[in-house]
Amino acid sequence: MWQFFLISLAGVALLIVAYAFFVEPYRIEVTRITAEAPLATPLKIAHVSDLHTSGLGRREQQLLRLLEAEQPDVILITGDTLNRSNDY
């Protein structure tokens, strides 16, 4: 019984690690929120956060394509942008 439990636990841990490294970093979420504001023309804002980037890879190119398709007036970049300080 313990052997089955440990094997199951190891399997779940492996799935979590696989998700964390191979799925989550490439999942880019687009959320649209409409807010009323006293502006003469609508303002489209793109908020980009938690990139943890190390360079211009597949995920970053996907983000650039999404931003180009959305055509925001302003892009706000906040949060954890770089993996290491020497990634500038």
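The values are calculated or read from the model by the stated rules, or taken from the named source; none is laboratory data. From a predicted model like this one, the values you see are computed outputs, not experimental measurements. Note: ideal-geometry Cβ built from the backbone for every residue, glycine included; neighbour counts use all protein chains shown.
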### Message
Can you tell me which residue is surrounded by the fewest Cβ atoms within 10 Å (Cβ to Cβ) among those in the stretch 29-39 that are among the hydrophobic types (A, V, I, L, M, F, W, C) and at pLDDT 85 or above?
### Response
Ile33
### Query
modelled with pLDDT of 85 or more, out of contact with any strand residue (DSSP E or B) (no Cβ under 8 Å at 6 or more places or on another chain) and in a loop (DSSP other than H, G, I, E, B), is that true of Arg65?
no
#### Entry: Residue list for the stretch 54-76, restricted to those being under 20 Å from Pro42 (Cα atoms) and among the hydrophobic types (A, V, I, L, M, F, W, C)
Leu66, Leu67, Ala69, Val74, Ile75, Leu76
### Query
So which of Leu39, Leu14 ends up being in a loop (DSSP other than H, G, I, E, B), farther than 25 Å from Thr53 by Cβ and not hydroxyl-bearing (Ser, Thr, Tyr)?
Leu39
### Query
Yes or no: Ile28 under 14 Å from the mean Cα position of the chain (by Cα) and either in the same structural domain as Asp80 (by TED's automatic domain parsing) or in contact (Cβ under 8 Å) with a residue 12 or more places away in the chain (or both)?
yes
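Return yes when Gly55 is loosely packed, with under 10 Cβ neighbours inside 10 Å, on the phi > 0 side of the Ramachandran plot and of a type in the set (Gly, Ala, Ser) and no when it is not.
yes
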